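Undergrad: Okay, here's the structure, questions in a sec.
The values are calculated or read from the model by the stated rules, or taken from the named source; none is laboratory data. What you are looking at is a predicted structure, and each value in this text was computed from that prediction instead of being measured. Please note: Cβ atoms are built from the backbone with ideal geometry, for glycine as well, and neighbour counts cover all protein chains shown.
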Amino acid sequence: MTDTALPQPSASDPERRTWLIATGVAGGVATVATAVPFVSTLAPSERARAAGAPVEVDIGDIPPGGMKVAEWRGKPVWVVRRTPEMIAALQGHDAELADPSSSKDGLSEDLANPARSKNPEWFVAIGICTHLGCSPTVAPQGTANPSLPADWPGGFFCPCHGSTFDGAGRVFKNKPAPTNLEIPPHTFVSASRLRIGDAA
């Protein structure tokens, strides 16, 4: 059996060690530089965050009987300032409605009322028909629309398939729309500011 001598460290070993450390550090930096942009693509974009973020609306300039349309999550949100007459017209036709108490809507306690609002003067709803996603139009009481009955209390009419909703967005019976208009989460920041998307 012959003995094999182990290689002896040469004068160049410290230099080799330095190069190995430098190469390892450079590789780590390159890995991090590559990973950061990739990981950042997994986070929601500014546009995506903005699409789901609450939206504040100035409601101080809406006259009685008027409506303003805001956008939240890409959907139109109606903000209607009801007159005393419009509020009174919400009564007396429950028997004609598919879900007059909004039992299918999953509304919070402060919205589960005939006006479907925190304040009867203000109605906030997503302006999309619950049938096929069409956009209903405002149909005030006394309108000349031949598709509406003579005793029409005022509300909204979907021209696509004829669904009708009262002034609180409650759908009438025997219409294509299966449920009432959706009420988004919202809160009144002040007497003239409404925040949509935040129910706090």
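Undergrad: Please state which of the following conditions P120 fails to meet, knowing it meets all the rest: (1) part of a loop (DSSP other than H, G, I, E, B); (2) crowded, with 19+ Cβ neighbours inside 10 Å; (3) touching a helix residue (DSSP H, G or I) at 6+ places or on another chain (Cβ under 9 Å).
TA: Checking P120 against (1) part of a loop (DSSP other than H, G, I, E, B); (2) crowded, with 19+ Cβ neighbours inside 10 Å; (3) touching a helix residue (DSSP H, G or I) at 6+ places or on another chain (Cβ under 9 Å), the one that fails is (2).
Undergrad: Please name all residue pairs, on different chains or six or more residues apart, with Cβ atoms under 9 Å, provided the first residue is in region 90-103 and is more than 10 Å from K173 (Cβ to Cβ) and the second residue is assigned to a loop (DSSP other than H, G, I, E, B) and hydrophobic (A, V, I, L, M, F, W, C).
TA: These pairs meet every condition: L90/A115; L90/A168; S101/A112; S102/L111; S102/A112; S102/A168; S102/I183; S103/A112.
Undergrad: Return the residues of region 67-81 that are closer than 12 Å to F123 by Cα and either surrounded by 14 or more Cβ atoms within 10 Å (Cβ to Cβ) or among the acidic types (D, E) (or both); say none if nothing qualifies.
TA: Taking region 67-81 as the starting set, the residues that turn out to be closer than 12 Å to F123 by Cα are 67-69, 77-81.
Residues satisfying the conditions are M67, K68, V77, W78, V79, V80, R81.
Undergrad: Here is a further query. Every residue in region 53-93 that is assigned to a loop (DSSP other than H, G, I, E, B) and acidic (D, E), please.
TA: Residue satisfying the conditions is D61 alone.
Undergrad: Among P84, P146, P140, P114, which is the only one that is at pLDDT 95 or above and either surrounded by fewer than 20 Cβ atoms within 10 Å (Cβ to Cβ) or of a type in the set (D, E, K, R) (or both)? Outline the logic, then answer.
TA: Details: P146 fails: at pLDDT 95 or above; P140 fails: at pLDDT 95 or above; P114 fails: at pLDDT 95 or above.
Of P84, P146, P140, P114, the one residue that is at pLDDT 95 or above and either surrounded by fewer than 20 Cβ atoms within 10 Å (Cβ to Cβ) or of a type in the set (D, E, K, R) (or both) is P84.
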